[in-house]
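> Below you will find the structure I want to go over with you.
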């Protein structure tokens, strides 16, 4: 009898824990990482991104992997409706029209998106995608893709410049450490973060072009001519709205070492939370990098 009672109590505890776990997961942000093609190391970065999200205990994450380049893309049909957030770690062949339409619908109806690093190189000719990411590079982009957007100092204030003059879109010099400076301190993603953090050696994207509509620049860095950059202050963290949807665009995070930067991780998590919910509850961690010292998590 005692054994039966112990078994019954144990079963009840397991059942209660399962219900609690299910309820806990229900309030987490459901995220989907898209990968499968990229000129960057998606096979290594997707597991790291997944780990960053899950260790925050704010997200549950699935992964959808597209077929290799040149294969049948019609079989790649993620069910976006199951998720609050789609994380783009993809730069490759165009998806099927069905999948493109489903993605546009997801965002238009309020779905959140993160454009991670080289995802802004993708889909040069997909108008709605470029409206979602705001700015992009490479892939044959030029003045026809939209203005080159950068920041300059004028009359004591930093102002955004939309330069429509001819030129290619997308460039970076060798990887260097650089200071990421807050541009919009009152935006929920940046509010409460230090004014600047020193980022680990990474590709500093510059000369990015695009529609640049409904876009808030959140963070910038100086692309120095002596480091084969543009000589201008370039936007690297961006928030965009597209119909009812919200997009966080980070140009940081070239590969696994860059993803270990606490500044990258913190802005990624906060930007992702904002994109999915319009709010930010994730705090600035104690090990956040300073303006003079990088910070790494192994």
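> Please verify whether the range 10-27 includes one or more residues that are in a loop (DSSP other than H, G, I, E, B), closer than 30 Å to residue 298 by Cα, at pLDDT 95 or above and within 22 Å of the chain's Cα centre (by Cα).
No, that holds for no residue.
> Next question. Among the numbered conditions (1) surrounded by fewer than 19 Cβ atoms within 10 Å (Cβ to Cβ); (2) more than 19 Å from the chain's Cα centre (by Cα), tell me where residue 99 comes up short.
For residue 99, the failing item is (1).
> Identify, from the list 55, 50, the residue that is free of Cβ contacts under 8 Å to residues at least 24 places away in the same chain and within 14 Å of the chain's Cα centre (by Cα).
50
> So, one more: Kindly indicate whether any position in the range 176-185 is farther than 21 Å from residue 287 by Cα and out of contact with any helix residue (DSSP H, G or I) (no Cβ under 8 Å at 6 or more places or on another chain).
Taking every residue of the range 176-185 in turn, at least one turns out to be farther than 21 Å from residue 287 by Cα and out of contact with any helix residue (DSSP H, G or I) (no Cβ under 8 Å at 6 or more places or on another chain).
> For the range 143-162, enumerate the residues that are farther than 22 Å from residue 214 by Cβ and either at pLDDT 95 or above or not in a strand (DSSP E or B) (or both).
155, 156
> Check whether at least one residue in the range 287-298 is over 19 Å from residue 169 (Cβ atoms), surrounded by fewer than 24 Cβ atoms within 10 Å (Cβ to Cβ) and modelled with pLDDT under 95, and report yes or no.
Yes: one or more hits.
> Applying the selection to the range 201-224, what residues are surrounded by fewer than 24 Cβ atoms within 10 Å (Cβ to Cβ) and over 16 Å from the mean Cα position of the chain (by Cα)?
Passing the criteria: 201, 207, 211, 212, 213, 214, 222, 224.
> Something else about it: Give me a count of the residues in the range 225-259 that are surrounded by fewer than 21 Cβ atoms within 10 Å (Cβ to Cβ), in contact with a strand residue (DSSP E or B) (Cβ under 9 Å, 6 or more places away or on another chain), touching a residue at least 12 places away in the same chain (Cβ under 8 Å) and at positive phi.
1
> Any residue at all in the range 71-78 that is in contact (Cβ under 8 Å) with a residue 60 or more places away in the chain and either out of contact with any helix residue (DSSP H, G or I) (no Cβ under 9 Å at 6 or more places or on another chain) or surrounded by 22 or more Cβ atoms within 10 Å (Cβ to Cβ) (or both)? Let's see the steps before the verdict.
Residues of the range 71-78 in contact (Cβ under 8 Å) with a residue 60 or more places away in the chain: none.
Scanning the range 71-78, I find no residue that is in contact (Cβ under 8 Å) with a residue 60 or more places away in the chain and either out of contact with any helix residue (DSSP H, G or I) (no Cβ under 9 Å at 6 or more places or on another chain) or surrounded by 22 or more Cβ atoms within 10 Å (Cβ to Cβ) (or both), so the answer is no.
> What are the residues in the range 164-200 that are loosely packed, with under 15 Cβ neighbours inside 10 Å and free of Cβ contacts under 8 Å to residues at least 40 places away in the same chain, if any?
Answer for the range 164-200, where residues must be loosely packed, with under 15 Cβ neighbours inside 10 Å and free of Cβ contacts under 8 Å to residues at least 40 places away in the same chain: 164, 165, 166, 185, 186.
> Still on this structure: Which of the residues that make up the range 136-151 are surrounded by 12 or more Cβ atoms within 10 Å (Cβ to Cβ) and out of contact with any helix residue (DSSP H, G or I) (no Cβ under 9 Å at 6 or more places or on another chain)?
Within the range 136-151, 142, 143, 147, 148, 149, 150, 151 qualify.
> Out of (1) closer than 17 Å to residue 200 by Cα; (2) touching a residue at least 40 places away in the same chain (Cβ under 8 Å), what's the single condition that is false for residue 287?
(2)
> While we're looking at this one, here's another question. Anything in the range 77-95 that is more than 21 Å from residue 251 (Cα to Cα), within 19 Å of the chain's Cα centre (by Cα) and outside any helix (DSSP H, G or I)? List them, or say none.
Residues satisfying the conditions are 78, 83, 84.
> Shifting gears a bit: If residue 262 satisfies every condition in (1) closer than 22 Å to residue 159 by Cβ; (2) surrounded by 20 or more Cβ atoms within 10 Å (Cβ to Cβ) but one, which is the exception?
Here residue 262 meets the rest and fails (1).
> Filter the range 116-135 for residues that are out of contact with any strand residue (DSSP E or B) (no Cβ under 9 Å at 6 or more places or on another chain) and not in a helix (DSSP H, G or I); which is surrounded by the fewest Cβ atoms within 10 Å (Cβ to Cβ)? Walk me through how you get there before you give the answer.
The first filter runs over the range 116-135 and keeps only residues out of contact with any strand residue (DSSP E or B) (no Cβ under 9 Å at 6 or more places or on another chain), leaving 118, 125-127.
Among the residues that remain, those that are also not in a helix (DSSP H, G or I) are: 125-126.
Values: 125: 11, 126: 16.
Going through the qualifying residues, I end up with 125.
The values are calculated or read from the model by the stated rules, or taken from the named source; none is laboratory data. Note that the coordinates shown come from a computational prediction; the quantities given were computed from them, not determined experimentally. In this analysis, Cβ positions are derived from the backbone assuming ideal geometry, glycine residues included, and neighbour counts consider all displayed protein chains.
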